Amino acid sequence: MTGRAQSQLLHASVVAMLTISRRVVGRTLSRCWAPLPTATRDAKSHGTRLCIIDSRCVSTLSGPVIRRSQHNPQLVDLTRAGPTFHPEGLVVIPDAISQEEHDALVEDVRGPLRRMRLELNHFDSVIRGYKEITFSKWALPGSQTVIARVLASDLFAPGTQLHPNQHVLELAPSGYIAPHIDNVEACGEYVAGISLLSASVMRFTYKDEEVRILLEPRSIYCMSHAMRYKFKHSIVCNSSPPEIFGSRSIVRDRRISVLFRDQPKPVPPEMMSDETDP
Ligand SMILES: O=C(O)CCC(=O)C(=O)O
């Protein structure tokens, strides 16, 4: 049997298996996300990708696989980078989700965000002008597909235990995220984010080194290694004159991000930040 025939057979059997399991899982699909303690990527077959959560198959999906190889280096500004920059630790994938998927995510979080007040100051003073929720009730098929596609991507090393919920952060046009390192007691090695609505620039700083990335709507970024542990990251506030990235002038408007993090794990000693907090 040729490799192609073998993969077609595998594909057909997987589709048949999923058709049966989807009949069983059926309408409980969206509720499956919430109560489960961990989400582990991955299981893949040709053309059909399965999302395994605690060994239960809850979703099939179609659409392109999200792969690290889709990283676009033009979205990373290394003009002021130094020796601590870790290329593998910063992936930016443009057009990672479709416009329909983007709109589904925005629609799913619209109600919960609308009911919240804009917070002017985060408890640790890191964020200003924002709303945030922990979210798991993705109801629209487009949103569920995005979540499953991210879990099935190769952004996270195999076996990574992702938090089952996503962190959704809305930033007002006048809001900003000050330079910070995510609490290592709350999350592990990865922070990945899908950007919605408005383009923005994220800045990574470590001592006198700086790296900037351009986050377009529908893109996904993933930070890890030194970029997560040593560099502080921030989303700059709208300034006049506006932030220039390449030939573009970026004026951020209202922005929503959907963030994926993994469970806390020991920080490798060489990754300990030796910078003092601001
Ligand atoms: O909104 C984002 O993409 C980044 C959020 C962030 O910096 C954080 O939650 O630590």
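Would you pick out the residues in the range 93-126 that are out of contact with any Asp or Glu (no Cβ under 9 Å at 6 or more places or on another chain), at positive phi and surrounded by 13 or more Cβ atoms within 10 Å (Cβ to Cβ)?
The answer is none; no residue qualifies.
Test each condition in (1) crowded, with 18+ Cβ neighbours inside 10 Å; (2) not in a helix (DSSP H, G or I) for Ser249 and report the one that comes out false.
Every listed condition holds for Ser249 apart from (1).
Looking only at the range 183-196, filter to residues that are part of a loop (DSSP other than H, G, I, E, B) and buried (at least 18 other Cβ atoms within 10 Å of the Cβ); which one of those is nearest to the ligand (Cβ to nearest atom)?
If we take residues in the range 183-196 being part of a loop (DSSP other than H, G, I, E, B) and buried (at least 18 other Cβ atoms within 10 Å of the Cβ), then Cys187 is nearest to the ligand (Cβ to nearest atom).
Taking the condition of being over 19 Å from Met202 (Cα atoms) and at pLDDT below 95, how many residues in the range 225-272 meet it? Before you say what the answer is, go through the steps one by one.
Start the filter on the range 225-272 by keeping residues that are over 19 Å from Met202 (Cα atoms), which leaves 262-272.
Right, trim to at pLDDT below 95 and you get 265-272.
Counting residues in the range 225-272 that are over 19 Å from Met202 (Cα atoms) and at pLDDT below 95 gives 8.
I need a count of the residues in the range 213-236 that are assigned to a loop (DSSP other than H, G, I, E, B), within 13 Å of the ligand (Cβ to nearest atom) and either among the charged types (D, E, K, R) or surrounded by fewer than 19 Cβ atoms within 10 Å (Cβ to Cβ) (or both).
Number satisfying all stated conditions: 2.
From Ser45, Ser125, Ser62, grab the single residue that is more than 22 Å from Glu189 (Cα to Cα) and modelled with pLDDT under 50.
Details: Ser125 fails: modelled with pLDDT under 50; Ser62 fails: modelled with pLDDT under 50.
None of the other options fit; the residue is Ser45.
Quick check on my filter: what residues within the range 158-175 are assigned to a loop (DSSP other than H, G, I, E, B) and either near the ligand (Cβ under 9 Å from one of its atoms) or on the phi < 0 side of the Ramachandran plot (or both)?
Those that are assigned to a loop (DSSP other than H, G, I, E, B) and either near the ligand (Cβ under 9 Å from one of its atoms) or on the phi < 0 side of the Ramachandran plot (or both): Pro158, Thr160, His163, Pro164, Asn165.
Restricting the first residue to the range 129-141 and requiring it to be modelled with pLDDT under 95, which pairs with a second residue that is of a type outside the set (Asp, Glu) and part of a loop (DSSP other than H, G, I, E, B) meet a Cβ separation below 6 Å and a spacing of at least six or different chains?
Within 6 Å, the pairs are Ser136/Trp33; Ser136/Ala34; Ser136/Asn165.
Can you tell me how many residues in the range 197-212 are near the ligand (Cβ under 10 Å from one of its atoms) and either under 11 Å from Leu90 (Cβ atoms) or in contact (Cβ under 8 Å) with a residue 60 or more places away in the chain (or both)?
The number of residues fulfilling the criteria is 1.
Go through the range 129-157 residue by residue and tally those that are part of a strand (DSSP E or B) and of a type in the set (S, T, N, Q). First the steps, then the outcome.
In the first step, residues of the range 129-157 are kept if they are part of a strand (DSSP E or B); the result is 129-135.
If we keep only those that are of a type in the set (S, T, N, Q) as well, we get 134.
Total satisfying the criteria: 1.
Under the condition of being of a type in the set (A, V, I, L, M) and farther than 26 Å from Asn165 by Cα, which residue from the range 247-263 is nearest to the ligand (Cβ to nearest atom)? Working first, answer last.
Quick first cut of the range 247-263, residues of a type in the set (A, V, I, L, M) only: 250-251, 256, 258-259.
With the extra rule that they be farther than 26 Å from Asn165 by Cα, the set shrinks to 250-251.
Working: Ile250: 14, Val251: 17 Å.
Here the answer is Ile250.
The values are calculated or read from the model by the stated rules, or taken from the named source; none is laboratory data. Given the structure is predicted, the values throughout are model-derived calculations rather than measurements. Because the Cβ atoms are built from the backbone with ideal geometry, glycine has one as well, and the counts that use them run over all protein chains shown.
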